[in-house]
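Input: a single structure, listed below in structure tokens.
The values are calculated or read from the model by the stated rules, or taken from the named source; none is laboratory data. The shown structure was predicted, so the numbers you read here are calculated from the model rather than taken from an experiment. Please note: Cβ atoms are built from the backbone with ideal geometry, for glycine as well, and neighbour counts cover all protein chains shown. All accessible areas refer to the heavy atoms of the entire protein, side chains included, with ligands and DNA or RNA removed. Shrake-Rupley method; radii C 1.70, N 1.55, O 1.52, S 1.80 Å.
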Amino acid sequence: MDPLAAGFWGAFFGTATLMLGISLAAFLRLQRRVALTAGLSALVSALFVAAYLGWLPLQGAAEARVLAHLAMGVGTVLALMLLALLGLLRQPGIARRAVLALAALDAAVLAVGWTLPAQHALILSSVVSFALGCAMLGVAMRSARRGDRLAWATVGGISVMLISLAGLSWIAIDRDVAWPVHAVSAIAGMAYLSVMAAALWIRYSYLLELSEVMAHGPSYDPVTRMRSHSETGQLVGDVFFHREAEARPVGVLAVCIANLYALENLHGRAAFNHALFICAGRLRRCVPETVEMGRLGEDGFLLLTRSMDDLRALDQLARQLRDRLSRPVSLSISREPGRIDGRGTGWAADVGIGVLSTSTQVRPAQAVATVRAMARTAWTYGSRIAFFDPQAGQIAELLPTQPSPLSIA
């Protein structure tokens, strides 16, 4: 092998070894699901590469036959791992059908391969494995278009994996390829391991944090990863307190969820905590950094802003929050960490949002009480958004064509 090619593959095996070390550390911390997935991904990839580089103690037709079987086996394992990473194997029935379908595909390809010369069987298995990877890419892109950010990382990982697979298949068929083919394949392999490690961390750090949240409940505020109730009160005081003689504008927005307590009564506190955790995560992802957030009671959130740009867009933010928080979600009803990510009960937040454009001349307690009353009143409105109409002197519904509350206050 060319020294440059050997150097690139050495870097690849170093990356795989590092990933195995990380999986061992996760295993020692009792995160066995993380360790199994990460370790299996690194080990399978390393063994596959070693075999395709010609490191097996075989030659000629025997080597080609083994590589043909290995291509289908590794392709199946990686496909199942990617489906599991995307959360598509949570239901036992779907998982069983996926395993049976992939096993049937393996058997059919290998059976056809034994009717062909060894080299042709290797080509057939490599092409089918590449096609299977393309199918997984389509599945990941479909999930990504639905708004799953983790799926986009998976799309990138599968893309570079296909590049590496194509290069390795070329190397296995023709041992005399130039070193750039080795370099591109090794770099793509390292990129695949890196992307998959990041995707696994995103996936399972969420599950680990969720297990802590569901164990401690609202008294432990990683439930929302926001300010606690007492700190929210301090925040309100800081925003409304001012030394200047003139008043400063303040935007106040309250979000109240009507059906959290009904969820708790039906499915217990774990489901309540899971729903609150998801709603808080969605809230953080769509709120600008200039908007301060905190808890508002057991069933709501309070948002404050002093930025004029955010004040002008307060109604748009309210509509965005309503649309994001109202999306359906499948909640877990189990406290067991191994079953937290399993499908439980379908639920959608019944959101009410109050929008208030006020100033620092108003008493903080009055502003918070007013906007919370607006949010609860919004439960009766079709748009689920309420504001204070100064012309009518009462709370009113904010309709889709309504001008910004800033221009009304």
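Could you go through segment 239-249 and let me know if any residue there is among the small types (G, A, S) and either at pLDDT 75 or above or part of a helix (DSSP H, G or I) (or both). No, there is no match, as no residue in segment 239-249 is among the small types (G, A, S) and either at pLDDT 75 or above or part of a helix (DSSP H, G or I) (or both). The listed residues are F277, F301, F272, and the only one of them that is hydrophobic (A, V, I, L, M, F, W, C), touching a helix residue (DSSP H, G or I) at 6+ places or on another chain (Cβ under 9 Å), surrounded by 13 or more Cβ atoms within 10 Å (Cβ to Cβ) and under 23 Å from Q366 (Cβ atoms) turns out to be F301. No other residue among L110, L86, L67 is open to solvent by less than 60 Å² (accessible area, probe 1.4 Å), in contact (Cβ under 8 Å) with a residue 60 or more places away in the chain and over 31 Å from the mean Cα position of the chain (by Cα) apart from L67.
Against the test of being open to solvent by less than 50 Å² (accessible area, probe 1.4 Å), under 28 Å from F277 (Cα atoms), modelled with pLDDT under 85 and in a helix (DSSP H, G or I), the options L317, L311 yield a single qualifying residue, L311. Pull up segment 373-409, narrow it to residues that are over 25 Å from V329 (Cα atoms) and in a helix (DSSP H, G or I), then point me to the one that is modelled with the lowest pLDDT. By that ranking, first place goes to I408.
Applying the condition of being out of contact with any Ser or Thr (no Cβ under 8 Å at 6 or more places or on another chain) and hydrophobic (A, V, I, L, M, F, W, C) to segment 327-372 and asking which residue is modelled with the highest pLDDT yields I353.
Between residues in segment 255-266 that are of a type in the set (F, W, Y) and residues that are surrounded by 13 or more Cβ atoms within 10 Å (Cβ to Cβ) and part of a helix (DSSP H, G or I), which pairs lie under 8 Å by C-beta distance while being six or more apart or on different chains? These pairs meet every condition: Y261/F272.
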